[in-house]
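**Q** Dropping a structure here in structure tokens format, bear with me for questions.
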Amino acid sequence: MGVLPAPDRVSERDWRGLDEVVSGRVLRPSDAGFGAVGSAFNERFAATTPAGVVTVADTDDIRHALAWARTTGISAVVRAGGHSYSGASVGTGLVIDLSRLRTVTADGRTGLVTAAAGATMSDVYAALQPHEMAFALGNGASVGIAGLTLGGGCGATSRVHGLTADALVATTVLTADGELLHCDARENADLFWACRGGGGGNFGVTTSFTFQARPVADCSTYLLLFDRADAEKVFTVAQQVVGSAPDEFAARTGVARSRDGAVVSVIGQHLGPAAELREILDPVLSVARPLRADIRDRTYWEAKDDLLHETAGGAFAVRTDVLTRPLPDAGIETMLALVDAWPGSGNPDGGGAALFSWGGAINRVGAADTAFPHRDAMFLLSLDTSWVTADAPATVRRNLDWLAELREALAPYGAGRSYLNFADPDLAEWRTAYHGANYPRLVEVKNRYDPEGFFTAPQGVGT
């Protein structure tokens, strides 16, 4: 696109012109309500302030916003759920906010579910529950369906149901030049392929998603907390349990350190009764006495609430790797020693490491069949740290250096790959880490549907 004008060179007359052609609302930094749609979820990027936000009312508004941005030459980014770890939901130009587009329809007869791009997990679950059906979804109520799907989307049921993107059967994409494209396995199939794990903000504005849901059944959940002294045994045995358990079993095994001390946890869901779950967990329960053990039968919807993720907010950074085999004893020891050395901050979330069980249905899809390439994983290794904006720059630096050291120390045990939905702005080799051998094909799709490179991002396809 060439050199874009600075946002302050777009005239007030231009901004009034945008306001006149859209049915939604145009907000500038001084307007009430701007912060709710113009601020990054991750406060690490709190200094990024858009020149303006248009909260669209319909697809025509998106089309008008894209045309206006192309005419004025201002950069534009799309904000759906707004939960981008790397701050990609905001920019210094125009933010196209989809948060009003939240309609979700579900057909209990066919199992088809269509969600508008601004829908959140709570919106989707609310539409699914009356029909007692579901597909793999995230565990944050305000997380957007758009970003989750476009980045792959993994949840507690993914070892049975696959990725969120695997349930996608059709989508609609509005290109930079205003063309609305229907995409499925037959029509615009290459763009449909790219939308199943290739990331958002690359090819156009994805305006709707249609999924194939499955019937749900009662299940069980568990929460096990252990003393830090038992962490090595717990991590070792919990990984063995995942390796031998049926796909219906899911686990997140983690260690976290904050100003309040260390917590070792094994948390998850089983698509079966609690009695069966207890048998699966018996090796973990036998190797160390938990400080707390909560194992119980749940409805599917109670289980969803049990696994709801809460965070203190603030600023954070996450680094990931894909493990194709269990973390060995040496890796566990290294991980725990470095977590013990977390440098501290003002954020009660602290820092830590976790192993999410992958595999199962995720790995029964070919690595090139969708844009999501990680089809041989046993675990996702997630490493994180957090702080608050009031922390001193030196504290922030120590946290980021600690996270980099932790990632480097555990690199010999991973595959050198990363999960796009846990985006890491400090990742140098992001093209291969996120996309693997699928990256060249993603570039081809980019060049076909966004030949002028209107949609840009620091880790965007083609950059």
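The values are calculated or read from the model by the stated rules, or taken from the named source; none is laboratory data. Nothing here was measured: the structure is a model prediction, and the numbers come from that model. Methodologically, a virtual Cβ is constructed for each residue, glycine included, from the backbone with ideal geometry; neighbour enumeration extends over all protein chains shown.
Matching residues to (1) over 30 Å from Ile62 (Cα atoms); (2) touching a Leu at 6+ places or on another chain (Cβ under 8 Å):
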| residue | (1), (2) |
| --- | --- |
| Gln212 | no, yes |
| Thr221 | yes, yes |
| Glu232 | yes, yes |
| Phe235 | yes, yes |
| Leu271 | yes, no |
| Glu276 | yes, no |
| Arg292 | yes, yes |
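**Q** Do we find a residue being more than 21 Å from Tyr300 (Cβ to Cβ), without any contact (Cβ under 8 Å) to a residue 40 or more places away in the chain and surrounded by fewer than 21 Cβ atoms within 10 Å (Cβ to Cβ) anywhere in the stretch 150-169?
**A** No, that holds for no residue.
**Q** While we're on this one: Out of the stretch 172-199, which residues are over 20 Å from Ala76 (Cβ atoms) and not hydrophobic (A, V, I, L, M, F, W, C)? Can you show your working first?
**A** First pass over the stretch 172-199, keeping only residues over 20 Å from Ala76 (Cβ atoms): 182-190, 192-193, 196-197.
Passing the criteria: His182, Asp184, Arg186, Glu187, Asn188, Asp190, Arg196, Gly197.
**Q** For the stretch 257-277, how many residues meet the condition of being under 20 Å from Asp349 (Cα atoms), of a type outside the set (D, E, K, R) and either out of contact with any helix residue (DSSP H, G or I) (no Cβ under 8 Å at 6 or more places or on another chain) or surrounded by fewer than 20 Cβ atoms within 10 Å (Cβ to Cβ) (or both)? Full working, then the answer.
**A** Going residue by residue through the stretch 257-277, those that are under 20 Å from Asp349 (Cα atoms) are 257-268.
From what is left, the residues that are of a type outside the set (D, E, K, R) are 258, 261-268.
Retained after the next criterion (residues that are either out of contact with any helix residue (DSSP H, G or I) (no Cβ under 8 Å at 6 or more places or on another chain) or surrounded by fewer than 20 Cβ atoms within 10 Å (Cβ to Cβ) (or both)): 258, 261-263, 265, 267-268.
Number satisfying all stated conditions: 7.
**Q** For Arg417, are the conditions met, namely being assigned to a helix (DSSP H, G or I) and under 21 Å from the mean Cα position of the chain (by Cα)?
**A** Numbers: assigned to a helix (DSSP H, G or I): no; under 21 Å from the mean Cα position of the chain (by Cα): yes.
No: the conditions fail for Arg417.
**Q** Among the residues of the stretch 166-187, is there at least one that is more than 23 Å from Arg63 (Cα to Cα) and either modelled with pLDDT under 95 or over 22 Å from the mean Cα position of the chain (by Cα) (or both)? Explain how you work it out, then say what you get.
**A** Start the filter on the stretch 166-187 by keeping residues that are more than 23 Å from Arg63 (Cα to Cα), which leaves 166-169, 185-186.
Within this subset, residues satisfying the condition of being either modelled with pLDDT under 95 or over 22 Å from the mean Cα position of the chain (by Cα) (or both) are 185-186.
Yes, the conditions are met somewhere in the stretch 166-187.
**Q** Given the criterion of a type in the set (Asp, Glu) and buried (at least 17 other Cβ atoms within 10 Å of the Cβ), identify the matching residue among Asp426, Asp391. Steps first, please.
**A** Working: Asp426 fails: buried (at least 17 other Cβ atoms within 10 Å of the Cβ).
Residue meeting the stated conditions: Asp391.
**Q** For a quick check of your reading: which strands (runs of 3 or more DSSP E) sit entirely within the stretch 214-294 and have at least 3 residues that are aliphatic (A, V, I, L, M) and free of Cβ contacts under 8 Å to residues at least 40 places away in the same chain?
**A** none
**Q** Only one of Leu383, Leu442, Leu406, Leu427 is part of a helix (DSSP H, G or I), assigned by TED's automatic domain parsing to the domain that holds Gly331, under 22 Å from the mean Cα position of the chain (by Cα) and not polar (S, T, N, Q); which? Spell out how you get there, then give the answer.
**A** Numbers: Leu383 fails: part of a helix (DSSP H, G or I); Leu442 fails: assigned by TED's automatic domain parsing to the domain that holds Gly331; Leu427 fails: part of a helix (DSSP H, G or I).
The unique qualifying residue is Leu406.
**Q** How do the strands (runs of 3 or more DSSP E) wholly within the stretch 71-138 filter down when requiring 3 or more residues that are of a type outside the set (Ser, Thr, Tyr): which remain? I'd like the intermediate steps shown before the answer.
**A** On the way: elements: 76-79, 94-97, 104-106, 112-116.
Counting at least 3 such residues, we get 76-79, 94-97, 112-116.
**Q** Looking only at the stretch 259-284, which residues are under 27 Å from the mean Cα position of the chain (by Cα), at pLDDT 95 or above and more than 11 Å from Leu225 (Cα to Cα)?
**A** Once the filter is applied, which keeps residues that are under 27 Å from the mean Cα position of the chain (by Cα), at pLDDT 95 or above and more than 11 Å from Leu225 (Cα to Cα), the stretch 259-284 yields Gly268, Gln269, His270, Leu271, Gly272.
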